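Can you read through this structure? Questions will come right after.
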Amino acid sequence: MDIKIFDMKKKLTLSLLVVLLCSTHLSAQQKIYLNGIVSKPFAHYHVGDTIPILAKRTNPNTLKPQYLVHVFTEVRAVSEDKITLLDEGHDFWEMVWIENRAENVNKVGWERGRREELHQEALDYYSTALSNKMVFEDDMLYDYLYQMVNLIHPTPLVKERSSNFSIVVLNSTEQIGFAFDNGMIVLTTGMLASTKTEAELMNVLAECVAHVVLEHNLINLNARLKTEARARTWATIAAVTMATAQTVDGINYGYVPDYSVSADLGMSVYFLSTSALEDIGAQYTSEQRIKAQRYGKAFLKQYPEIISLDDYQYTGVIANAISTAAWQEYHLKNYFYAMQLTERLNNLDLATDKDYLLLSRIQRRISNDRYSIQLALDYIQKGKGKSIEPLADLEKEAGIVYSRLNQPDKAKESYMKYREFLLKLKEEGKHVEPELQSIDQLIQRKGYLVGQVATAIEEN
């Protein structure tokens, strides 16, 4: 695909990005200049003079553009009609930075200490999330997300230190996306699963990019005026909330994953809380969100060709995130939303054996008529047909469904297959005794109870 974005970078002379990219660290006292040609005389400048421009801004009274320039020893705002800005190859986001942040940087410098604080926060946030298994892993999804971010912002960030965008996806049902000052964008499986089209995701990513370019994290950190040492450290949060995660792990038996992330019910609540986002400057104000959304939409309107996947292709790329979000919602007892997410995969023939296992479980929890239980059995059969290797939990699920259908012999057959799997795990030294005892009891009792209850309900 021939994308105009990659043609926007031309050779720079004495402009902003030459200064930034030629040096990893700029002194806070160094100034950033654009160049313009004087088109109407003012002060000691004549028509045709090349003039360095400190920043571009909007006149708060007339709402018309102005350029900030040196007039003798003072900085003065000059109306746009007196200077013609030289076309020095600045792309969309560079101009956004020039119009919104250049003036402040030229006045107060890069605020190195504050930026370093935010940079360290990003590193701590990621390392703690990674060590506590909160980070969602999917190489294909990450490759796609990096492609999208590089299409939106293909050049290095305008920062004192060389910076680029990076992506982290957290296992969480929270539908949220935000960014750190150093360009680390944080998304959640819940947010990804909620998007229906590539255009929706692009809007989220473009808004996150805009927050970084507009330096909202730094602005918010300065506005908060912290007077005390940071009370929160991510490591402390991890230690406190690990007990919650371990308690939730009790839902499982400890020998096989239940296709969900228990940390979502504990730790991510803290990592995505209002107070945590305030600490990193990512609790954006309404005005900041509106501004970031406006720039994001303006970018996508200018470059619509970067959206290329149809709905089926897009769903395929984020399918693992949808599946994970569905299991998380299931454990939070949000059965109908979990079913909605999984049916989205099923309807496009993108569901896996684990997805069909989930659909069967949900079906048993939201309905008790014979048609619904038969549908649960159909899901099990579809899951078995999809499995590359036998998924033992499908046999356990089949035993429960057959009991619901009052077919004890078939229930016993499924439970016995599941039991064989548990015995193999026991031979490998896995702790499966509680689950093995539970299955043995079901087999001995022939699973009658559930089937009898279901039959009685139907007869009434």
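Go through segment 95-142 and count every residue that is open to solvent by less than 40 Å² (accessible area, probe 1.4 Å) and on the phi > 0 side of the Ramachandran plot.
The qualifying residues number 1.
Could you please find all residues in segment 314-331 being at pLDDT below 95, more than 15 Å from residue 353 (Cα to Cα) and of a type in the set (S, T, N, Q)?
328
Starting from segment 331-357, keep only residues that are open to solvent by less than 40 Å² (accessible area, probe 1.4 Å), then list their pairs with residues that are charged (D, E, K, R) whose Cβ atoms are within a distance under 6 Å, requiring at least 6 positions of separation or different chains.
Filtered contacts from segment 331-357: 338/329; 342/355; 345/355; 353/386; 356/382; 357/393; 357/397.
For residue 388, are the conditions met, namely being surrounded by fewer than 20 Cβ atoms within 10 Å (Cβ to Cβ) and within 22 Å of residue 349 (Cβ to Cβ)?
Yes.
Output the residues belonging to segment 172-194 that are over 14 Å from residue 134 (Cβ atoms) and small (Gly, Ala, Ser).
Within segment 172-194, 177, 179, 183, 193, 194 meet the criteria.
Residue by residue through segment 159-192, note down the ones that are hydroxyl-bearing (Ser, Thr, Tyr) and either within 12 Å of residue 211 (Cβ to Cβ) or open to solvent by 10 Å² or more (accessible area, probe 1.4 Å) (or both).
Matches in segment 159-192: 162, 163, 166, 173.
Of the numbered conditions (1) without any contact (Cβ under 8 Å) to a residue 24 or more places away in the chain; (2) within 30 Å of residue 116 (Cα to Cα); (3) open to solvent by less than 20 Å² (accessible area, probe 1.4 Å), residue 282 fails exactly one; give the number of that condition.
(1)
Can you name the residue in segment 51-83 that is of a type in the set (Ser, Thr, Tyr) and surrounded by 14 or more Cβ atoms within 10 Å (Cβ to Cβ) and is also nearest to the chain's Cα centre (by Cα) among such residues?
67
The values are calculated or read from the model by the stated rules, or taken from the named source; none is laboratory data. A quick note: this is a predicted structure, and the numbers were derived from the prediction, not measured. Every residue, glycine as well, gets a Cβ built from its backbone with ideal geometry; the counts of neighbours run over all protein chains shown. For accessibility, only protein heavy atoms count, side chains too; no ligands or nucleic acids. Shrake-Rupley method; radii C 1.70, N 1.55, O 1.52, S 1.80 Å.
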